[in-house]
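S.K.: Here it is: the structure, laid out below.
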């Protein structure tokens, strides 16, 4: 598994991690087995959020006895992102995850509370040892500019954003901004949301051909393409242990320049949208 530095001052983190949105809605034993298999395969970056129902409880069971191996991330809802509210939400997540600290804590998306108030909460959590770093999710470049004015250079660990083959809007401004300021980009829903390219389509055929060349799967090729840019890490969700192992194997797959160019042509990024896409 390849690793990359998480932000300016963060540790090395697995390029392919594990997302947990909707993880609590299926078979609990299968979900726990998937997380454990993923950790065994090197996907030690695990992402969750207070919004994800009981996902934090499922994770707690999966990581019991292995906390020190992991880079664990959770997120606070904008409605809880006041100074006191964010601290309370974090403490609630820690209790549900059965851990004493998070490696990174994110504002899930921008809300009505002033950014300065949320950053103050994050700073207090860091001082208390409950959080090691903080970041944001679903922030466009102009939002990041405002956050930088509030927090200063070198403080924002990551920006978690929607990124998959059919949704490459972040390549216009967000990825360049993050690369300039040493901020990790974490791609959520890297296979899309129930719309992974059909292999019978023209673009899907390109994906399939490249996969066959590497004796890999189309999803592994997709993950390798998305993480070709240095600031980017991906957090696919796996519903079972075999899917987790498949995702993890993408962490060792390297595409050639010609293959990247072919995928770029098959899945064009399109024009810059007026607002940042998000789920």
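S.K.: So what's the angle, to the nearest 10 degrees on a 0 to 90 scale, between helix 28-40 and the longest Cα principal axis of the chain?
M.R.: Once rounded, one gets 80 degrees.
S.K.: Something else now. When only Cα pairs under 8 Å and 6 or more residues apart are kept, what is the percent relative contact order across region 178-279? Can you show the working numbers first?
M.R.: Values: 91 pairs, mean separation 31.8, N = 102.
Averaging sequence separation for qualifying contacts and normalising by length gives 31 percent for region 178-279.
S.K.: A follow-up question, please. Could you give the distance between the Cα centres of region 171-186 and region 32-68, to the whole Å?
M.R.: One Cα centre to the other: 26 Å.
S.K.: Quick one: if you stick a label point 7 Å off each Cα along the C-beta vector at residue 29 and residue 98, how many nm between them?
M.R.: Label at residue 29, label at residue 98, 1.8 nm between them.
S.K.: Give the calculated FRET efficiency between residue 145 and residue 228 to the nearest 0.05, with a Förster radius of 25 Å applied to their Cβ-Cβ distance. Let's see the in-between values first.
M.R.: Numbers: r = 26 Å, r/R0 = 1.03.
Efficiency computed from Cβ-Cβ geometry: 0.45.
S.K.: For the chain, what's the relative contact order in percent, using C-alpha pairs closer than 8 Å and at least 6 residues apart?
M.R.: Values: 552 pairs, mean separation 63.9, N = 279.
Relative contact order for the chain comes out at 23 percent.
S.K.: Per DSSP helix of 4 or more residues, -39500 (n - 2.57); summed, then divided by the residues of the chain. What does that give at 222 nm, rounded to the nearest 500? Mind showing how you got there, number by number?
M.R.: Details: 10 runs with 110 residues, N = 279.
Dividing the helical sum by the residues of the chain leaves -12000 deg cm²/dmol.
S.K.: Which FRET efficiency value, to the nearest 0.05, do you get for residue 194 and residue 61 by plugging their Cβ-Cβ distance into 1/(1 + (r/R0)^6) with R0 = 25 Å? Mind showing how you got there, number by number?
M.R.: Details: r = 27 Å, r/R0 = 1.07.
According to the calculation, E is roughly 0.40.
S.K.: Compute the relative contact order of region 73-174 as a whole-number percentage, counting only Cα pairs closer than 8 Å that sit 6 or more residues apart in sequence. Numbers along the way, then the final one.
M.R.: Details: 148 pairs, mean separation 26.8, N = 102.
In percent, rounded to a whole number, it is 26.
S.K.: Further question: Against the longest principal axis of the chain, how steep is helix 83-97, in degrees 0 to 90 to the nearest 10, with axes from Cα atoms?
M.R.: 60
S.K.: If you rank 181, 193, 214 by fewest surrounding Cβ atoms within 10 Å, what's the result? The partial results should precede the final answer.
M.R.: Working: 181 18, 193 12, 214 15.
The most exposed by this proxy come first: 193, 214, 181.
S.K.: Please arrange 74, 203, 209 by counting, for each residue, the other beta carbons lying within 10 Å of its beta carbon, fewest first.
M.R.: On the way: 74 30, 203 18, 209 15.
Least to most surrounded, the residues fall as 209, 203, 74.
S.K.: Right, another one. With r defined as the distance between the Cβ atoms of residue 128 and residue 245 and R0 fixed at 30 Å, what FRET efficiency is calculated, to the nearest 0.05?
M.R.: On the way: r = 37 Å, r/R0 = 1.24.
So the FRET efficiency works out to roughly 0.20.
S.K.: Top mean-square fluctuation among 196, 139, 71, Gaussian network model of the chain, C-alpha springs under 10 Å?
M.R.: Maximum fluctuation in the GNM of the chain, among the listed residues, is at 196.
S.K.: Among 254, 259, rank each residue by its count of other Cβ atoms within 10 Å, from fewest to most, as a rough exposure measure. Walk me through the numbers on the way to the answer.
M.R.: Details: 254 9, 259 19.
Least to most surrounded, the residues fall as 254, 259.
S.K.: How many percent of the alpha carbon pairs in region 152-279 exceed a separation of 17 Å? If you can, show how the numbers build up before the last one.
M.R.: Values: 4712 of 8128 pairs.
The proportion of pairs with Cα distances above 17 Å equals 58 percent.
FYI, it's all coordinate maths here, none of it is from the lab. Quick caveat, the model's predicted, so the values are computed rather than measured. Cβ sites come from the backbone with ideal geometry, for glycine too, and all protein chains shown count toward neighbours.
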